[in-house]
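**Student:** Here's a structure for you.
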Amino acid sequence: MQEYTTIEGNYTAEYTEKHSRFIATAFFCDSEDMAAEIIAAQKSKYWDARHNVYAYILQNGNMKFSDDGEPHGTAGMPILDVIKGSGVTNVLIVVTRYFGGILLGTGGLVRAYSTSARDALQGAKKVLMCGCTQFSVVCDYSNHSRLVRLIDDAGGMLIDTVFTDKVEVIFRFKNIDCDEFLSKLNEAFAAKLQAKVVDNNFFAFNL
């Protein structure tokens, strides 16, 4: 997978249904360990709440949900369905419920948890995570400006520049654009400059 959509940071939304208060927070989450830590922190934060329901989907395909004492299928699964329907991944949503004294019924619970999760997810900032390769090229000062222009024109992102007796330029390209750039680099500098791979990972791009 070259890219996927997720959220940046976290976002909280509140929803009230028949005096029951639902506090939903959507979190960026990229591992099961991270999910466990966030869930534990939310349960500690809202220790006096009756339920802390959650669901998450990770980019590697792993997913999990919990009704946390609500009737089976009325809480965690509706949250999971909201995440699935949104097309985002590496996302955890925790919905805390303070019971308001009036039973909502099966349908009411499903609607309330779905609405809460959807509100939190809609408010969160979406980002596109793209598979990228980070390169380093060392060149003479006389070639520095020309190299930077080439990187910029080819759609790369300049990360850092180190000036010593030579110039080291560190930059990043989406994986799908790497071959074309490397070809242009060889052509422009007659294969005298070598691009060294220093990292390969997913990086965020604003939507």
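The values are calculated or read from the model by the stated rules, or taken from the named source; none is laboratory data. Owing to the predicted nature of the structure, the values given are computational and were not obtained by experimental measurement. Glycine gets a Cβ as well: all are built from the backbone with ideal geometry, and neighbour counts include every protein chain shown. Protein only, heavy atoms only, side chains kept; ligands, DNA and RNA dropped before computing areas. Shrake-Rupley method; radii C 1.70, N 1.55, O 1.52, S 1.80 Å.
**Student:** Between F163 and F205, what length comes free when the chain is fully extended (0.36 nm per residue of separation minus the Cα-Cα distance, one decimal in nm)?
**Tutor:** Here the segment from F163 to F205 would lengthen by 12.3 nm.
**Student:** Using a cut-off of 12 Å between beta-carbons, work out the net charge of the residues near V167 (Lys and Arg +1, Asp and Glu -1, V167 not included).
**Tutor:** Numbers: positive: R146, K166; negative: D140, D160, D165, E168.
Local net charge: -2.
**Student:** Against the longest alpha carbon principal axis of the chain, how many degrees, from 0 to 90 and to the nearest 10, is the axis of helix 175-188 turned?
**Tutor:** Relative to the chain, helix 175-188 is tipped by roughly 10 degrees.
**Student:** Quick one: net charge around N90, please, counting Lys, Arg +1 and Asp, Glu -1 for every other residue with C-beta under 14 Å from its C-beta.
**Tutor:** Surrounding charge for N90 is -1.
**Student:** K166: which aspartates and glutamates have alpha carbons under 19 Å from its alpha carbon, excluding same-chain residues fewer than 8 sequence positions away?
**Tutor:** D140
**Student:** Based on the Cα gyration tensor of the range 1-48, what are the three equivalent ellipsoid semi-axes, each the root of five times an eigenvalue, rounded to whole Å and given largest first? Walk me through the numbers on the way to the answer.
**Tutor:** Working: eigenvalues 128, 50, 10 Å².
In descending order the semi-axes read 25, 16, 7 Å.
**Student:** Something else now. Summing -39500 (n - 2.57) over the DSSP H runs of n ≥ 4 in the chain and dividing by its residue number, what mean residue ellipticity at 222 nm do you reach, to the nearest 500 deg cm²/dmol?
**Tutor:** Values: 5 runs with 71 residues, N = 207.
After summing the helix terms and dividing by residue count, I get -11000 deg cm²/dmol.
**Student:** What number comes out for accessible area per residue over the range 42-186 if the probe is 1.4 Å? Units Å², please.
**Tutor:** On the way: 6800 Å² over 145 residues.
Averaged over the residues of the range 42-186, the accessible area is 47 Å².
**Student:** Using only Cα atoms, figure out Rg for the range 100-207 and give it as a multiple of 2.2 N^0.38 Å. Could you put the intermediate results ahead of the total?
**Tutor:** Values: Rg = 23.2 Å, N = 108, 2.2 N^0.38 = 13.0 Å.
That works out to 1.78 for the range 100-207.
**Student:** How about the range 126-207: which trypsin sites (Lys or Arg not before Pro) there are in a DSSP loop, with at most 16 other Cβ atoms within 10 Å of their Cβ?
**Tutor:** Taking the range 126-207 and a limit of 16 other Cβ atoms within 10 Å, the loop trypsin sites (Lys or Arg not before Pro) found are K166, K192.
**Student:** Which three lengths, in whole Å and largest first, does the range 46-168 cover when its Cα atoms are put on their principal axes?
**Tutor:** For the range 46-168, the Cα extents along the three principal axes come out at 75, 28, 24 Å.
**Student:** Something else: Provide the gained length on full extension for the span V198 to L103, in nm with one decimal, where the gain is 0.36 nm per separating residue minus the Cα-Cα distance.
**Tutor:** So the extension gain works out to 28.5 nm.
**Student:** With the calculation restricted to Cα positions, what are the radius of gyration and Dmax of the chain in angstrom?
**Tutor:** Every Cα atom of the chain included, Rg and Dmax give 23.4, 76 Å.
**Student:** Let me ask another. Where does the range 1-103 land on Rg/Rh, using Cα atoms and the Kirkwood Rh?
**Tutor:** Details: Rg = 13.5 Å, Rh = 13.9 Å.
On the Cα set of the range 1-103, Rg over Rh gives 0.97.
**Student:** How much net charge surrounds N60 when only the other residues with a Cβ under 14 Å from the Cβ of N60 are counted, with Lys and Arg +1 and Asp and Glu -1?
**Tutor:** Net charge around N60: -2.
**Student:** Apply 1/(1 + (r/R0)^6) to the Cβ-Cβ distance of L182 and L128, taking R0 = 25 Å, and write down the FRET efficiency to the nearest 0.05.
**Tutor:** 0.60
**Student:** Can you tell me the length gained on complete extension of the stretch A41 to K18, counting 0.36 nm per residue apart and subtracting the Cα distance? Write out the running numbers ahead of the final one.
**Tutor:** Working: separation 23, 0.36 × 23 = 8.28 nm, distance 2.70 nm.
Roughly 5.6 nm would be gained on extension.
**Student:** Grab the beta carbon distance between R111 and T5, set R0 = 22 Å, and tell me the FRET efficiency rounded to 0.05.
**Tutor:** Working: r = 26 Å, r/R0 = 1.16.
Once rounded, the FRET efficiency stands at 0.30.
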